[in-house]
Amino acid sequence: MSVPASSAAPTSASSRRNLLRASGLAGLVVAGSAVATGPAQAAPDRTGNVLRLDTVTALRALNTKPLTDGTQVIVAGYRTPGDGGTMALHWDKKSTAPHNGGTVIAPATTTKPGRWHQLHTGTLDFRTFGHLDAGTPADNALDAMVNDPAVHRIEAHTDLLFTERHLFDRSNIELDFGGHHIRTENIEKNTHDNPFGAVLSFRGTVTDTTVRHPLSGKVIELTDNFPVPDAKAFAVGQWWAAQVDPVAGGGGDERELQKLVEITEIIDAGHIRIGYLNGWELAEGRTLTWTRVEPVRNTHIRNMLFEGAGPDEYTGSHPVSFEYAVGCDVSGIHATGTFWPVVMRRWCTRFRTEDCSLKNPPTVEYGGAGYLTQQIYCLYGRVADCTTSNVRHLNDLTASAYCTVVNCHGDGDDAGGNPFTTHGQYEHDLLFDGNSGLMDIANSGSQWGISAKRITVRRHVCSWFTANTKITDLTLEDITVIARPTFDQAGTLTVNADGAQVRGCTAKTFAVAQRSARSGRPTTISDCTFEPPAGAVLVQTPVTAPVHFVRCTFKGVDGAVLRGAGPVHFTDCTLTGAENAAPLSVGSADLRIDGGTYDNTGIELSGVRDQRITVTGGARFTGSNKAEALLGRAAGPGGTTWDITGLSSRATGAGTAHIRIADGTNHYAATGSRFTGGTLHLAPDALASVLHTACVEDGTRHSAMPPAGDTVRTDGNLVL
């Protein structure tokens with residue numbers, strides 16, 4: 001901003017104060033320097049003068065021959081005064097630094113030494129590089145600022161255009177795009193299958209230092225103490241990528257350990273401590289490889305509206321990736337149409353992804369594409385307050401541990417994408433809390449192991465939830481699965497019977513599967529409500545682990561099937577049958593019914609194996625069913641033991657049997673029970689022993705009953 005030669009012009013001192021106050025640059029100018037009096041000088045005549053110029057063009061045209069080293073200038077704007085490109089610079093007469101149009105500005109007509117260097121406090125602005133809109137690519141300015149170690153914060157105050165994919169190894173820097181649009185049309189092509197070809201990609205340095213050795217002893221679960229050949233190869237504070245060899249006989253990528261960890265202690269000559277409690281036991285002899293890494297640290301990217309470019313892996317664009325990074329956060333990125341994940345992470349430890357979103361990626365069918373965020377081999381992460389519409393995944397945790405996903409919500413998932421997933425590559429200790437959207441766990445295929453451990457999901461709402469692979473110690477609390485006609489009309493919730501704890505959940509269809517048997521805790525489903533469709537399989541064939549239902553409600557039951565051989569226990573449950581419903585078909589080797597109410601339904605043992613049924617605790621059976629038997633068995637080859645105590649059974653209709661035993665070999669005992677109406681059908685040819693005593697029979701007819709004998713006692717009952 002030139003000052004005209006006029007008596008009306010402000011004094012030099014007040015002009016300087018006003019300019020510095022307006023531009024925010026007062027702290028950047030050396031105290032005590034004086035602005036030249038009178039008209040602006042083409043070349044100052046004494047050192048220490050602070051020049052005032054309108055634009056960078058005027059600065060580059062300035063005659064620098066008379067300038068003394070360190071001369072300072074304030075430019076009022078980049079192209080016009082007040083356009084946001086205001087900056088302070090100083091003259092370095094010996095500098096030969098390359099001109100970049102922002103932090104280094106060369107005179108326009110010279111190739112000699114001498115450059116203007118921007119004065120700043122570590123915070124820079126794209127406008128001081130002349131980027132006042134998205135009209136021209138800002139890639140060179142980005143490179144200049146990120147690669148300047150004196151810069152710790154970069155701000156954008158306008159929309160921007162990027163046409164290159166940038167790879168940095170810079171730490172301790174924050175990029176804040178101020179909520180402005182970031183465009184990427186005509187961006188350079190990506191390479192094949194490269195989700196790390198982001199506009200902003202930060203990657204730590206992987207060194208040539210490696211330690212590879214077989215484990216000298218078993219590494220127990222939840223230990224941070226690892227054996228190594230020589231602890232002198234490690235130092236406290238170093239970061240190493242730790243990786244175990246694939247599981248013998250398993251998938252090609254089936255590994256229990258792949259994490260970026262810090263060395264926290266040298267315990268002795270043969271042991272180190274790391275900043276991670278191992279989630280899986282590793283057997284003696286397994287091969288462990290350590291690779292030293294210099295990670296990117298404390299680099300944060302925030303606040304942009306990102307518009308993706310092309311529709312495929314080469315022309316598509318996405319904003320952020322981190323690899324080998326520690327303490328790097330992302331927030332406030334709202335993207336549309338990105339191909340690869342908006343925020344892609346691998347080998348990352350301690351991070352946050354918050355307040356981000358994705359709408360309408362070009363595909364949800366291509367593997368790895370159409371995600372908001374994916375984390376591979378990651379530790380101690382938090383994903384919070386994020387949303388998606390019409391995507392493949394909102395969040396994918398692969399081979400990751402000790403992470404949380406909180407208050408995230410995905411809609412538009414009818415096309416086959418499920419917002420919440422884990423890969424099944426031995427994830428462990430993950431928490432999902434207060435989210436909504438389709439969810440599956442450890443379901444990407446045997447190549448990765450389909451294994452996970454200690455996954456907790458709370459207060460989740462969706463229309464489909466499946467966790468039926470090798471998931472150990474799953475905990476579900478307050479999950480609501482509501483059937484939706486446009487996706488899963490069955491409203492399915494499925495779990496693996498390997499220490500699953502399901503509490504306070506609601507679904508239409510519920511099923512228990514079993515793919516693993518690693519847990520020491522029981523599989524228990526408590527205080528849940530289900531409304532299974534006719535013929536639904538409640539306990540699947542492979543289930544051998546005990547399954548316990550406690551205070552659960554099953555509505556509209558019609559021919560539900562419990563096929564698995566493992567013990568099944570119902571405690572104080574309420575089962576209500578549909579009209580003319582078939583009874584439950586039970587293949588369990590040991591069925592126990594302790595209390596509860598069973599109305600217009602019943603139990604039919606399949607007889608496919610030897611079985612025991614225990615009914616106790618004041619269980620109440622009422623009504624009738626399609627088989628006209630509240631308790632019965634099919635004509636299978638297995639023998640059955642019946643142990644009934646304290647049953648209250650009230651049959652509707654004279655032809656409904658409280659108990660019907662007509663097939664197979666059976667041992668029957670009923671004591672202290674009450675039968676009202678209906679019949680008792682105990683076919684003599686089907687019974688090897690009978691004890692029916694101390695019961696009350698109120699209007700109950702014996703349609704079949706063996707005569708008393710050495711193995712039959714039917715006396716001592718009260719008949720009304």
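The values are calculated or read from the model by the stated rules, or taken from the named source; none is laboratory data. Predicted, not measured: the structure shown is a model, and the values here were computed from it. Note: ideal-geometry Cβ built from the backbone for every residue, glycine included; neighbour counts use all protein chains shown.
Figures for the structure shown
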quantity: Residues within the range 201-246 that are in a strand (DSSP E or B), surrounded by 13 or more Cβ atoms within 10 Å (Cβ to Cβ) and among the basic types (Lys, Arg), tallied; calculated: 1
quantity: Residue within the range 281-290 that is crowded, with 18+ Cβ neighbours inside 10 Å and under 22 Å from the mean Cα position of the chain (by Cα) present; calculated: no
quantity: Options GLY249, GLY285, GLY270: the member that is without any contact (Cβ under 8 Å) to a residue 60 or more places away in the chain and on the phi > 0 side of the Ramachandran plot; calculated: GLY249
quantity: All positions within the range 501-541 that are under 14 Å from ARG551 (Cα atoms), more than 24 Å from the chain's Cα centre (by Cα) and of a type in the set (S, T, N, Q); calculated: THR524, SER526, THR529
quantity: Filter pass, VAL512 being out of contact with any helix residue (DSSP H, G or I) (no Cβ under 9 Å at 6 or more places or on another chain), in the same structural domain as LEU591 (by TED's automatic domain parsing) and within 23 Å of ILE482 (Cβ to Cβ); calculated: no
quantity: Residues being assigned to a strand (DSSP E or B), touching a strand residue (DSSP E or B) at 6+ places or on another chain (Cβ under 6 Å) and not aliphatic (A, V, I, L, M) - total across the range 247-273; calculated: 7
quantity: Close pairs from the range 449-460: first at positive phi, partner of a type in the set (S, T, N, Q) and not in a strand (DSSP E or B), Cβ under 8 Å, at least 6 apart; calculated: ILE450/ASN443; ILE450/SER444; ILE450/THR469; ARG459/ASN435
quantity: Test: residue in the range 157-169 that is under 27 Å from THR68 (Cα atoms) and either out of contact with any Ser or Thr (no Cβ under 7 Å at 6 or more places or on another chain) or buried (at least 17 other Cβ atoms within 10 Å of the Cβ) (or both); calculated: no
quantity: Flag if ALA619 is among the aliphatic types (A, V, I, L, M), under 15 Å from ALA534 (Cα atoms), at pLDDT 95 or above and crowded, with 19+ Cβ neighbours inside 10 Å; calculated: no
quantity: Selected residue (only one of ASP396, ASP429, ASP413 is acidic (Asp, Glu) and buried (at least 24 other Cβ atoms within 10 Å of the Cβ)); calculated: ASP413
quantity: All positions within the range 354-370 that are out of contact with any Gly (no Cβ under 9 Å at 6 or more places or on another chain) and either touching a residue at least 60 places away in the same chain (Cβ under 8 Å) or not in a loop (DSSP other than H, G, I, E, B) (or both); calculated: SER357, GLY368
quantity: Residues satisfying the stated conditions in the range 301-328, i.e. surrounded by fewer than 20 Cβ atoms within 10 Å (Cβ to Cβ), assigned to a loop (DSSP other than H, G, I, E, B) and in contact with a strand residue (DSSP E or B) (Cβ under 7 Å, 6 or more places away or on another chain); calculated: GLY327
quantity: Odd one out for LYS359 among (1) at pLDDT below 95; (2) over 20 Å from PHE202 (Cβ atoms); calculated: (1)
quantity: Elements of type strands (runs of 3 or more DSSP E) contained in the range 463-540, each with 2 or more residues being under 14 Å from THR553 (Cα atoms); calculated: 501-503, 509-513, 523-526
quantity: GLY130 touching a Pro at 6+ places or on another chain (Cβ under 8 Å) and surrounded by 15 or more Cβ atoms within 10 Å (Cβ to Cβ); calculated: no
quantity: Residues of the range 467-492 that turn out to be free of Cβ contacts under 8 Å to residues at least 60 places away in the same chain, more than 22 Å from GLU256 (Cα to Cα) and of a type in the set (S, T, N, Q), as a count; calculated: 3
quantity: Single unsatisfied condition, ALA536 versus (1) under 22 Å from LEU631 (Cα atoms); (2) crowded, with 22+ Cβ neighbours inside 10 Å; calculated: (2)
quantity: Test: residue in the range 700-719 that is closer than 22 Å to LYS626 by Cβ, of a type in the set (D, E, K, R) and buried (at least 20 other Cβ atoms within 10 Å of the Cβ); calculated: no
quantity: Elements of type strands (runs of 3 or more DSSP E) contained in the range 640-679, each with 1 or more residues being surrounded by fewer than 18 Cβ atoms within 10 Å (Cβ to Cβ) and out of contact with any Lys or Arg (no Cβ under 7 Å at 6 or more places or on another chain); calculated: 640-645, 666-671
quantity: Enumeration of residues in the range 25-36 that are surrounded by 13 or more Cβ atoms within 10 Å (Cβ to Cβ) and either in a loop (DSSP other than H, G, I, E, B) or modelled with pLDDT of 95 or more (or both); calculated: LEU25, VAL29, SER33, VAL35, ALA36
quantity: From GLY559, GLY520, GLY504, GLY564, residue being out of contact with any strand residue (DSSP E or B) (no Cβ under 9 Å at 6 or more places or on another chain) and either modelled with pLDDT of 95 or more or within 30 Å of GLU281 (Cα to Cα) (or both); calculated: GLY520
quantity: Residue among PHE306, PHE351, PHE322 that is of a type in the set (Phe, Trp, Tyr) and either free of Cβ contacts under 8 Å to residues at least 60 places away in the same chain or assigned by TED's automatic domain parsing to the domain that holds GLY217 (or both); calculated: PHE351
quantity: Test: TYR276 is over 24 Å from the mean Cα position of the chain (by Cα), in a loop (DSSP other than H, G, I, E, B) and of a type in the set (Phe, Trp, Tyr); calculated: no
quantity: Count of the range 693-720 residues which are among the aliphatic types (A, V, I, L, M) and not in a strand (DSSP E or B); calculated: 4
quantity: Long-range neighbours under 6 Å by Cβ, at least six apart or interchain, first residue in contact (Cβ under 8 Å) with a residue 12 or more places away in the chain and closer than 11 Å to VAL391 by Cβ within the range 331-343, second in a strand (DSSP E or B) and among the hydroxyl-bearing types (Ser, Thr, Tyr); calculated: PRO341/TYR371; PRO341/THR373
quantity: Looking only at the range 578-595, and only at residues there that are touching a Gly at 6+ places or on another chain (Cβ under 8 Å) and within 22 Å of PRO533 (Cβ to Cβ), the one that is surrounded by the fewest Cβ atoms within 10 Å (Cβ to Cβ); calculated: ALA578
quantity: Any pair with Cβ under 7 angstrom, 6 or more apart, that starts in the range 707-720 at a residue that is over 7 Å from THR693 (Cα atoms) and ends at one that is part of a loop (DSSP other than H, G, I, E, B) and of a type outside the set (D, E, K, R); calculated: ALA708/THR714; VAL712/PRO706; LEU720/GLY699
